[in-house]
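Reviewing the structure listed below.
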Amino acid sequence: MLALTVADEVRAGLALLSDEELEAEAAGLWSQVSDVGDAEDLARVADTRVEYDRGLPAGVDGIALPHVLVVRPSRQRALVVLRILHELSHYLLGVDRMHTHADVWRLTLALAWPVPRIRRGRPPLEVPAWAVELRALIVAESRMISAA
C-alpha cells in the first residue's frame, strides 16, 4: 500500500522543487558522512536526533520536530530506515521552503541512494526493495546518470 502511495505521489507531477535542488541536498548531506554511514548518521549531520516511540497515534509512523525525528519502531530495519529518511526530509525541507509531499518523498529516496553513491557503485541504504526500485526508475528517467 505504501509503495503505491509513494509511487503515485512521486510520479504525479506535483513536486515544486527541481531534481537538481533535491539531489544537491542529498549529496551535500552525504558528503559529510562516510560511505558506511546510515540514516542516524545523516540525522546527526543535519543537527537532529532520532527517537523511537511506539505510542505514536494510529496512522502516524513519524514526525519531524525541531532537532528531533520521532519514528515508530519496527522489526523491519528497512522500514525504520525509510521512516527516518522520510522524517529527515520533512526536517530538511522545513517550513521555510515551499514544497509538497512529493518533494519530501523524492528527497527521501535521494537520501536512501544519492547519485554520487550510485556512481561509486555503493549500495543504497537498507530501505524496502520497492523504494530502491522506485529510486532507480527516477534516476533512469531523469538521466542523472549517463549511460556512458
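Values in this text are rule-based calculations from the coordinates and carry no lab data. Since the structure is predicted, the reported quantities are computational estimates derived from the model, not experimental observations. Note: ideal-geometry Cβ built from the backbone for every residue, glycine included; neighbour counts use all protein chains shown.
Structure above, values below:
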| read-out | value |
| --- | --- |
| Protection proxy ranking of 92-99, 55-62 - average other beta-carbon atoms within 10 Å, highest first | 92-99, 55-62 |
| Expected 222 nm ellipticity per residue - DSSP helices of 4 or more, -39500 (n - 2.57), all of the chain, to 500 | -15500 deg cm²/dmol |
| Label selected from [x] 0.99; [y] 0.93; [z] 1.06, the criterion being Rg/Rh (Cα atoms, Kirkwood Rh) as computed here | [y] |
| Assigned charges on the beta-carbon of Lys, Arg, Asp, Glu; the chain dipole about Cα centre (debye) | 400 |
| DSSP-assigned coil residues among trypsin sites (Lys or Arg not before Pro) in region 30-69, each with at most 11 further Cβ atoms within 10 Å | ARG54 |
